[in-house]
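Reviewing the structure listed below.
Read-outs: derived from the displayed coordinates by stated rules, not from any lab. As the structure is a computational prediction, the values presented were derived from the model and not from experiment. All Cβ positions, glycine included, derive from the backbone under ideal geometry; neighbour counts span all protein chains shown.
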Amino acid sequence: MNKIENFKKIMKKSETNRVLLLTNHYQIIGDVYECSDCNKENCVNLTNVKLCNVEDVFGCECEYESNYDWLHINLDKVVAFSFLK
């Protein structure tokens, strides 16, 4: 089972598609969007995305610096994630 399949398995058990992803530089919150035409190996498709610098999140209250309608995230760059209810 590859990373994206494991990710989707955990998402199904969580019964939510709202996710918080952490990379070395960003906190990303968004809704996982299933798209068979646009899925790429090890990529997660997100909609309604809020992106914030990790240093801002842990230093003080984060004012989200960027909002995106659509964003692809490579799971190889994700160091942690949690599904949000």
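In table form, for the structure just shown:
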quantity	calculated
Ranked packing of 7-13, 42-48, most packed first, by mean Cβ within 10 Å	42-48, 7-13
Order by protection proxy (mean Cβ within 10 Å, highest first), peptides 18-31, 71-84	18-31, 71-84
Members of LYS9/LYS85; LYS12/LYS85; LYS12/LYS77; LYS3/LYS50; LYS12/LYS50; LYS13/LYS77 lying beyond 18 Å, as alpha-carbon distances in this model show	LYS12/LYS77; LYS3/LYS50; LYS12/LYS50; LYS13/LYS77
Segment LYS3-CYS43, extension gain: residue separation times 0.36 nm, minus the distance between their alpha carbons	13.5 nm
Calculated FRET efficiency for the pair SER14/TRP70, C-beta based, R₀ 22 Å, to 0.05	0.50
